[in-house]
Amino acid sequence: MRYFTSNTTILRNDMKKTTAKIGQAQINLEGEAWQRLPLKTAQVDVDAMKTFSELCPNELPVPGALELPDLLNKLAMHTDKRIGTKCAHQDEADFVTDDPAEIGADTGLPLSPHKWTRHGRPGTMGFEMLDGLPSPIDYDHFIWKGIESELHPYGVCYHDPLRTLSTGLIEWLIVNQVTRVIITGLAFDYCVATSAEELADTGLFDVIIIRDCTRGINPTNFESCEKTLIAKNVRFFDTIEDYLLNA
């Protein structure tokens, strides 16, 4: 098996109305109509950037990242909407450490909880999408996350780890009547897993991860991440072919 090396909750869901809480906002949907929507699938390419590849060995390279573009483009042939995201961090962001031994250590800062080396800096090669992927303007929707020095979110749905400020992705998916979301990209055990959890917590989407379409940083995290997500009804498939045959 290859690995990819809120407060968003449904408050009430019956056949008349669904009330969803997105950060500090609350929206009402007609539950019965929502359940009758035709299947529309969105693909979210999370942080598929050079900063997380072997091209930037001094940033946060993820093993196998360079294998992803062809796979993500192949998957996109079977989805209706395609969303992209980038980490966008300042040189002296609150999470920055110059000591590789400190990577992943707690910062004590709720808006930027872990220490990392510099990565995703606008204007650098690391800020670029992996070769072969669309440019941001060619996606249906695009999100830049973490641009403020004190913010280092992992998920794509909120600008902060406390889930208080929406990026607008959930709302965009609702407006575009998306009912299934496939999360791809980098890295599985942080940004991909958190994004899937945020979307699953809404109760509005069929959330899927295809193992071959993501890579992760720390293999010791993979099993626990997957168990947590399965408990939230996130579905896993090994390959694109497996997904197409069995989803």
Item to check | Entries in LYS50/LYS145; LYS40/LYS145; LYS50/LYS115; LYS50/LYS74 that, when Cα-Cα distance is taken, lie over 22 Å | outcome: LYS40/LYS145
Checklist outcome for this item: For the stretch 76-93, in residue order, the Karplus 3J(HN,Hα) values (coefficients 6.51, -1.76, 1.60; θ = phi - 60°; whole Hz; Gly and Pro = x) are 4, 5, 10, 10, 8, 10, 10, 10, x, 9, 9, 6, 9, 10, 6, 4, 10, 4
Item to check | Residue-normalised accessible area of the chain, expressed per residue, 1.4 Å probe, Å² | outcome: 44 Å²
Checklist outcome for this item: Counting only DSSP beta bridges with both partners in the stretch 155-247, the antiparallel fraction in percent, to the nearest 5, comes to 10 percent
Checklist outcome for this item: On the accessible surface of the chain, probed at 1.4 Å with all protein chains in place, carbon and sulfur together account for a percent value of 51 percent
Next on the checklist: Can you tell me the length gained on complete extension of the stretch ALA231 to GLN177, counting 0.36 nm per residue apart and subtracting the Cα distance?
Outcome noted: 17.0 nm
Checklist outcome for this item: Per the rule of 0.36 nm per residue minus the C-alpha distance, extending THR124 to ASN246 adds in nm 39.9 nm
Item to check | Selected from LEU55, MET77, TRP144, residue furthest toward positive end of dipole (the chain; charges at beta carbon) | outcome: MET77
Item to check | Amide H within-cut-off set for ASN218, under 5 Å, with H built and near neighbours excluded | outcome: ASP189
Next on the checklist: Taking θ = phi - 60°, what integer Hz values does the Karplus form 6.51 cos²θ - 1.76 cosθ + 1.60 yield along the stretch 114-123, in sequence order, with x for Gly and Pro?
Outcome noted: 10, 7, 9, 6, 4, 7, x, 8, x, x
Checklist entry - How large is the helix-only mean residue ellipticity at 222 nm for the chain, computed as the sum of -39500 (n - 2.57) over DSSP H runs with n ≥ 4, divided by its residue count, in deg cm²/dmol to the nearest 500? => result -5500 deg cm²/dmol
Next on the checklist: List the residues, sorted by chain then number, that are 5 or more residues from LEU130 or on another chain and whose placed amide H is less than 5 Å from its amide H.
Outcome noted: MET49, LYS50
Checklist entry - Charges only on Cβ, +1 for Lys and Arg, -1 for Asp and Glu: so what's the dipole of the stretch 115-198 about the Cα centre, in debye to the nearest 20? => result 160 debye
Checklist entry - How far, in nm, would the chain grow between ILE147 and GLU92 when pulled straight, counting 0.36 nm per residue and subtracting the alpha carbon separation? => result 18.7 nm
Item to check | Phi to ³J(HN,Hα) by Karplus 6.51 cos²θ - 1.76 cosθ + 1.60 over the stretch 53-58, Hz, x for Gly, Pro | outcome: 10, 5, 5, 10, x, 9
Checklist entry - With charges set only on the Cβ (+1 for Lys and Arg, -1 for Asp and Glu), what does the dipole of the chain come to about its Cα centre, in debye to the nearest 20? => result 920 debye
Item to check | Local electrostatic count at PHE236 - Lys and Arg +1, Asp and Glu -1, tallied over other residues with Cβ under 10 Å | outcome: -1
Checklist entry - Can you list the residues, at least 5 places off or on another chain, whose amide H is less than 5 Å from the amide H of ILE143, using H built in the peptide plane? => result GLY84, THR85, LYS86
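The values are calculated or read from the model by the stated rules, or taken from the named source; none is laboratory data. The structure presented is a predicted model; accordingly, all values stated were derived computationally and were not measured. Using ideal geometry, Cβ is built from the backbone for each residue, glycine included, and neighbour counts are taken over all protein chains shown. For the accessible areas, the whole protein counts, side chains as well, though only heavy atoms, and no ligand, DNA or RNA atoms are used. Shrake-Rupley method; radii C 1.70, N 1.55, O 1.52, S 1.80 Å.
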